[in-house]
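Chemist: A single structure is presented below for examination.
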Amino acid sequence: MKKSGVSRLLDVSEDARALHHDADVIDLHVDSFIWRRIFGYDFRRRHGAFTRGVMMSQFDLPRALEAGLNGATWVITTNPLGDARDREAKFFENLSELKALLESPEAAARVVRSAAEYRAARAQGLHAAFIGVQGGNALAHSLDAIDRLSPGIVLRVTILHLTSSRLGATSSPLGGNFGLTSYGKDYVRRLNAHKILVDLAHISPAGFWDAVAAHDPSVPFVVTHTGVSGVFPHWRNLDDAQLRAVADSGGTVGIMYHSEFLGDRLFGGRLETIVRHIEHVIDVAGEDAVSLGSDWDGSIVTPRDMPTVLELPRLTQAMLGRNWSEQRIRKVLGLNFLRVVEAVRG
């Protein structure tokens, strides 16, 4: 089949290229801001893959736009050390900085709070940037901290990260065998009240089910960046019962790209493995329940045939290669996530 431009360079067919660039392509978890905080990495300008897909330099806005990534949730990752008041103050500083960077003229992006705002940004050729928090302990000093957020500015909060907190236990082996605390359950309810999506990536299995019980049953929740144990058993991955619970809420599961968590060798990952995890979610919970949740620049090691965001059209090609319908592929690429956002925010 005839190919052109970037498609030829990526060995992507014209059919895959056309579908990919016409679809709503949205990533549920991009962590590039952490490298801005540590090293001054400017994600507004184009970089080469100077780490070859290891740890960082996997993502920047020029490459994302070229790759047809219309939107993403940009996360502010919480440093678990220090006083709770200091974490809260630092979070609000980081929020102001990230918003300013994303809305600067050179970014070609817009901070968005709803599906309607996403569509408006896309119509203008801008990258639509949702904002998320990874590590709910950034706002755990007092439930009133959630009330301080500008209406809608934070789309989602990942309750736990790699360490346990006063909210509950992480899924990490060092996290402890317990679930959400009573304070953590109140935290979930407060997020519901503010129309902030609850993200159950990184949470312990007991904490997952505690959060489901505390959560408003009329509102979807998400797991933004994970693998699935039905393909590869791992403490970082969800089992089938958890997948069904997300689907039953009307939510979606974002599949991440870290090779080792998905079952490949650390430096031998393949994007076909990502598709296997996506397919398992579809088989267990339906095609409305799965999305893309890369964890670009989140200290991950990406597949060798998709080391950066620039090669993302190859993922669409791989899904077409499984003879999936165009509509199924569009759902995975972004429509499932948009549906969830619209259900909560409009």
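Where a number appears in this text, it was derived from the coordinates with a stated rule and is not lab data. All figures in this text were calculated on a predicted structure; none of them were measured in a lab. Neighbour counts run over all protein chains shown; Cβ positions are idealised from the backbone, glycine included.
Chemist: Which value in nm describes the separation of the simple spin-label points at residue 248 and residue 323, placed 7 Å from the Cα toward the beta carbon?
Modeler: 3.4 nm
Chemist: Between residue 189 and residue 79, what length comes free when the chain is fully extended (0.36 nm per residue of separation minus the Cα-Cα distance, one decimal in nm)?
Modeler: Answer, rounded to one decimal: 37.2 nm.
Chemist: Let me ask something additional. Hey, what's the per residue convex hull volume over the C-alpha atoms of the chain, in cubic angstrom?
Modeler: 120 Å³
Chemist: Equivalent-ellipsoid semi-axes (√(5λ), Cα gyration tensor) for the range 156-304, whole Å, largest first?
Modeler: In descending order, the three semi-axes are 25, 17, 12 Å.
Chemist: Continuing with this model, one more query. Could you check what % of the DSSP bridge pairs in the range 5-345 are antiparallel, to the nearest 5?
Modeler: Around 15 percent of the beta bridges assigned by DSSP in the range 5-345 are antiparallel ones.
Chemist: Go ahead and set up a Gaussian network model of the chain, Cα springs under 10 Å, then flag whichever of 301, 30, 284 fluctuates most.
Modeler: 284
Chemist: Beyond 15 Å, what share of the Cα-Cα pairs of the range 307-346 is found? Please give it as a whole percent.
Modeler: Beyond 15 Å sits 51 percent of the P(r) for the range 307-346.
Chemist: Indicate the helices, whole DSSP H runs only, in the chain that combine a mean Kyte-Doolittle hydropathy of -0.5 or more with a Cα extent along their long axis of 20 angstrom or more.
Modeler: Helices meeting the criterion: 84-102, 271-285.
Chemist: In addition: Could you please tell me the mean projected area of the C-alpha convex hull for the range 54-135, averaged over all directions and given in square nanometres to one decimal?
Modeler: 6.3 nm²
Chemist: Just to verify a number: FRET efficiency for residue 265 and residue 150, C-beta to C-beta distance, R0 = 35 Å, to 0.05?
Modeler: Efficiency, rounded to the nearest 0.05: 0.20.
Chemist: Another question, then. Number of Lys-Lys pairs in the range 5-345 under 26 Å by Cα, sequence gap 8 or more or different chains?
Modeler: Close lysine pairs under the 26 Å cut-off: 6.
Chemist: While we're on this one: With a Förster radius of 30 Å, plug the Cβ-Cβ distance of residue 272 and residue 86 into 1/(1 + (r/R0)^6) and report the FRET value to the nearest 0.05.
Modeler: About 0.10, to the nearest 0.05.
Chemist: Over the chain, with a Gaussian network built from C-alpha contacts below 10 Å, which listed residue (93, 272, 66) shows the highest mean-square fluctuation?
Modeler: 93
Chemist: So what is the 222 nm mean residue ellipticity for the chain from helices alone, if each DSSP H run of at least 4 adds -39500 (n - 2.57) and you divide by all residues, rounding to the nearest 500 deg cm²/dmol?
Modeler: Taking each H run of at least 4 residues, the total per residue is -11000 deg cm²/dmol.
Chemist: Please work out how much length the chain gains when fully extended from residue 206 to residue 55, using 0.36 nm per residue of separation minus the C-alpha to C-alpha distance, in nm with one decimal.
Modeler: Difference between extended and current length: 51.4 nm.
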